[in-house]
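Report on the structure given below.
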Amino acid sequence: MTTALKFPQAATHSASRAQAPALIELREVTKHYSSREGKMQALQPLSFNIREEEFVSIVGPSGCGKSTLLKLVAGLEPISSGTMTLSGSRIAGPQKNVGIVFQSAVLLAWRNVLDNILLQAEMRGMPMATARKHALHLIEMAGLKGFEKKFPWQLSGGMQQRVSICRALLHEPAVLLMDEPFGALDAMTRESMNLELQRIWLESKKTVLLITHSISEAVFLSDRVIVMSERPGSIAAIYDIDLPRPRPLEVMATPDFLHYTKTIRAHFNAQGSLDAH
Ligand code: ADP
């Protein structure tokens, strides 16, 4: 199922991560929803691993089950069959060891940047002095130094989303789950957020699972891109992205990059369901 396109310059980063142990393992995982109309199968049997410190993106047509898959990993929805583990333990119920970032930053308007991030610590009962120290470190890492006391309405959309990434990382989760985190941003801001996220990821060494409609965003950020087919979702292909890191935005104009995006886009063209860009 894994498809490695051959490119002259192999990325040293992804080569080392290829040896890393699996953090998330799915074996024949299915999901169906029950409603008054009956049973609706959202996901066909899915099997794949995500390795420690790996950046994996999932692309696929609307309704193919991407968000469902993310909810299963977070333990917010139960799987219908198969097995699914995080750090070797079965995922049953909401997982403490994950951080989640949604399309909307979901910040509290009456709390400043630092206090919005510390909400995570309050909800989890973390020791506040340590949490505060870590929050200030994350703020610096996310390029928000000097904005600690600003309120959400004083920040751009991109900055708000950076705050929500800091909040998701505060408890040092093993994995960061991101569901279309930059979908509401304009194209320019989105590109700069892609750069920021790459930097944060390289620095924080987290495992990331990103859901995106943007094929170029997926290729730019990922070690591997999982392409899903139409509902009920299944895996159409998995591509190893062998581009050196850190990747500058200019990489998007290179023949290797364009080859990846063209190859992935062809899956959607074939299905006649291109809503990705
Ligand atoms: P995607 O994120 O790829 O757009 P989703 O995972 O949101 O897809 O949805 C996959 C399918 O499952 C869709 O047909 C959607 O309507 C359905 N679905 C999602 N959540 C629920 C739910 N809680 N109850 C019933 N059906 C659902």
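Between R111 and I238, the distance separating the two model label sites (each 7 Å from Cα on the Cα→Cβ line) works out to 3.6 nm. When both the stretch 180-253 and the stretch 107-127 are represented by their alpha-carbon centers, they are found 27 Å apart.
Rounded to the nearest 20 debye, the dipole size of the stretch 192-277 about its Cα centre is 120 debye, using +1 on the Cβ of Lys and Arg and -1 on the Cβ of Asp and Glu.
Please get the size of the charge dipole for the stretch 107-172, origin at its Cα centre, with Cβ charges of +1 on Lys and Arg and -1 on Asp and Glu, quoted in debye to the nearest 20. Before the final figure, lay out the partial values.
Numbers: 9 positive and 5 negative charges, 18 e Å.
Dipole size: approximately 80 debye.
Given R₀ = 22 Å, FRET efficiency for T83-S35 by Cβ-Cβ distance, to 0.05? Calculated value: 0.30. Taking the Cα centre of the chain as the origin and placing charges on Cβ (Lys, Arg +1; Asp, Glu -1), which of S87, Q103, A253 is farthest toward the positive end of the dipole? The Cα lying farthest towards the positive end belongs to S87. Normalised by the number of residues in the chain, the average gap of Cα pairs under 8 Å and 6 or more apart makes the relative contact order 28 percent. If the Kirkwood radius is taken over C-alpha pairs of the stretch 64-183, then at 20 °C and 1.002 mPa s the Stokes-Einstein diffusion coefficient equals 142 µm²/s.
Within the straight-line cut-off of under 28 Å between alpha carbons, the lysines reachable from K39 are K31, K66, K71, sequence neighbours fewer than 8 places apart in one chain being disregarded. Placing a label point 7 Å from the Cα of K96 along the Cα-to-Cβ direction, the residues of the stretch 112-156 whose backbone N falls under 12 Å of that point are 124-127.
Counting pairs of alpha carbon atoms under 8 Å apart in space and at least six apart in sequence, what relative contact order in percent does the stretch 107-172 give?
Numbers: 72 pairs, mean separation 33.3, N = 66.
That works out to 51 percent.
Each 10 Å bin from zero holds the following percent of Cα-Cα pairs in the stretch 194-277: 16, 52, 27, 6.
The aspartates and glutamates whose alpha-carbon is closer than 15 Å to the alpha-carbon of K150, local same-chain residues fewer than 8 away aside, are D115, E140.
Report, to one decimal in Å, the Kirkwood hydrodynamic radius for the stretch 107-172 based on all distinct Cα pairs. Value: 11.4 Å, from the Cα pair sum. From the Kirkwood radius over Cα pairs of the stretch 45-110, Stokes-Einstein at 37 °C and 0.692 mPa s returns a whole-number translational diffusion coefficient of 239 µm²/s. Volume per residue for the stretch 27-67 equals 86 cubic angstrom (convex hull of Cα atoms). Sorted largest first, the principal axis extents computed over the alpha-carbon atoms of the stretch 137-210 equal 31, 27, 17 Å.
On a full-extension model of 0.36 nm per residue, what is the gain between E52 and T254, subtracting their alpha-carbon distance, rounded to one decimal in nm? Can you show the working numbers first?
Values: separation 202, 0.36 × 202 = 72.72 nm, distance 2.83 nm.
Fully extending the segment from E52 to T254 adds 69.9 nm.
Taking the stretch 32-98, which trypsin sites (Lys or Arg not before Pro) meet the DSSP loop condition and have no more than 16 other C-beta atoms within 10 Å? It would help to have the intermediate numbers written out before the result.
Numbers: sites: R36, K39, R51, K66, K71, R90, K96; in loops: R36, K96.
Of the trypsin sites (Lys or Arg not before Pro), the ones in loops of the stretch 32-98 whose Cβ has at most 16 other Cβ atoms within 10 Å are R36, K96.
For the chain, the orientation-averaged shadow of the C-alpha convex hull comes to 15.3 nm² (one quarter of the hull surface).
Are there trypsin sites (Lys or Arg not before Pro) in the stretch 139-245 that DSSP puts in a loop and that have at most 10 other Cβ atoms within 10 Å, and which ones?
Values: sites: K145, K149, K150, R162, R167, R190, R199, K205, K206, R224; in loops: K145, K149, K150, K205, K206.
Loop-located and lightly packed - K145, K149, K205.
Every number here is computed from the coordinates shown, using simple stated rules; none is lab data. Just so it is clear, the structure is predicted and the values come from calculations on it, not from any experiment. Every residue, glycine as well, gets a Cβ built from its backbone with ideal geometry; the counts of neighbours run over all protein chains shown.
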